[in-house]
Amino acid sequence: MAIQWLRCGHHVYVVSTHDGSEAACMMLYHLLLQSVKRQQSAGVSPGQPHYLQYDLDDDKKNEAEKAINDLSQAATGGSLYIIADEVGGYYRSPYFYKVCDKLLTQVSDLHLWASSCFHGHAPDGWQEECLTRPLRSPPAVVREVEQDDFITKHGDVKPYTERGHSGDRPGDCVTCGRDVASFLLSLRVGVTENVTTTATTVSSTNGGTTPPCLQWRDVLVLYWNDISDDSGMMKGLEEASIPVRVMKDDDIEDVSTARSDVVWVTSGESVCGLERKVVICVEDNVLARFYCMSRCTSQLVIVYS
């Protein structure tokens, strides 16, 4: 939102409200400076970001009044644009609420966006939105964090929600399909440009042979339950322009000879004895390990509920 304000030519004030928020707000301020430089390079005349630091946890120095005065005077034509990150702190200092409410009465066109890892910090009557999807940490880290007392005992932090998955099983889930597609693209499957340059470097250590790049025919997506052409997994792969097909009875010869350069999707039980360099195993159970995972000779991905 701050970048959009800058594009419109507004001055944006990044406000740190206590010592614990200084690092995050400083980082945000520098990110906005970089955005301004990019906009200027593109011929745009953006507004400018400004950084302000206050300590509203302890108002011994009348920090709240100082913040109110500074920001009120910064309003241009009755408009004021403020971003405040990690506001309030754990102890929910009342001085942040005071600043918000005072500015609302003194600035006719106030735009104030604030965030906090603790919920319930919005002043009375202000709109609050709880965002609970984990965006940065991997699942193993999220599982550890969500055991903290702030979440489980005190309720100061909202529990995490699912990362946008749908359906009862991974095979029904578009997000799982997108994640699989992202992994395959990271392996540069189907990419041919610049392969010669890379292979030349490797050839000096493997007897002069050039390692072949991965092709779509080197990939199998194996499942235990049924996956149809319109399943979430298929949609997620197709969205990424990956050539993918569900194996039918008439396709067995094509699959066994790897004739078509496509990613085949089928059950592990249907391709006993076949091998592929890359295997995506959808659903993790005992039979899946034996029938599906054993088909893999290099890269194995397990997608499970």
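Read-outs throughout are calculated quantities, based only on the coordinates presented, and are distinct from any laboratory measurement. Note that this is a predicted model, so its numbers are computed, not measured. All Cβ positions, glycine included, derive from the backbone under ideal geometry; neighbour counts span all protein chains shown.
Rounded to the nearest 10 degrees, the inclination of helix 174-186 to the longest alpha-carbon principal axis of the chain is 70 degrees.
Summing charges over all other residues whose Cβ lies under 13 Å from the Cβ of Y13, with Lys and Arg as +1 and Asp and Glu as -1, gives -2.
Compute the FRET efficiency between K235 and M27 as 1/(1 + (r/R0)^6), taking r as their Cβ-Cβ distance and R0 = 35 Å, and round to the nearest 0.05. Mind showing how you got there, number by number?
On the way: r = 37 Å, r/R0 = 1.05.
Using R0 = 35 Å, I get an efficiency of 0.45.
State whether region 24-153 is rounded, prolate or oblate according to the following rule on the C-alpha gyration tensor (a ≥ b ≥ c being the square roots of its eigenvalues): a/c under 1.5 gives rounded; otherwise a/b larger than b/c gives prolate, and the remaining case gives oblate. Taking the square roots of the gyration eigenvalues as a ≥ b ≥ c, region 24-153 is oblate. Taking the longest Cα principal axis of the chain as reference, the axis of helix 22-41 is set at about 80 degrees.
Calculate the dipole size of the chain relative to its Cα centre from +1 charges on Lys and Arg beta carbons and -1 charges on Asp and Glu beta carbons; express the result in debye to the nearest 20. Write out the running numbers ahead of the final one.
Working: 27 positive and 42 negative charges, 170 e Å.
The calculated dipole for the chain is roughly 820 debye.
In this label model, L131 and C117 are separated by 1.5 nm, measuring between points 7 Å along each Cα→Cβ vector. Only beta bridges with both residues in the chain are counted; by DSSP, about 5 percent of them are antiparallel. Here is the list for region 37-136: GluC sites (Glu not before Pro) lying in DSSP coil, each with at most 14 other C-beta atoms within 10 angstrom of its C-beta, are E128, E129.
Run lengths n ≥ 4 of DSSP H only: what is the helix-derived mean residue ellipticity at 222 nm for the chain, with -39500 (n - 2.57) per run over all residues, to the nearest 500? Write out the running numbers ahead of the final one.
Working: 11 runs with 104 residues, N = 305.
-10000 deg cm²/dmol, from helical runs alone.
Expressed per residue, the C-alpha convex hull volume of the chain stands at 210 Å³. For K102, a cut-off of 25 angstrom between C-alpha atoms picks up these lysines, skipping any fewer than 8 places away in its own chain: K60, K61, K66. Using 0.36 nm per residue and subtracting the Cα-Cα separation, the extra length available between H154 and H50 on full extension is 33.9 nm.
Database remark: amide H of S116 closer than 5 angstrom to the amide H of E86, V87 (H placed geometrically; neighbours at sequence offset of 5 or more, or on other chains; Pro and chain starts carry no H).
Spatial offset of region 65-84 relative to region 15-58 amounts to 15 Å, using the alpha carbon center of each.
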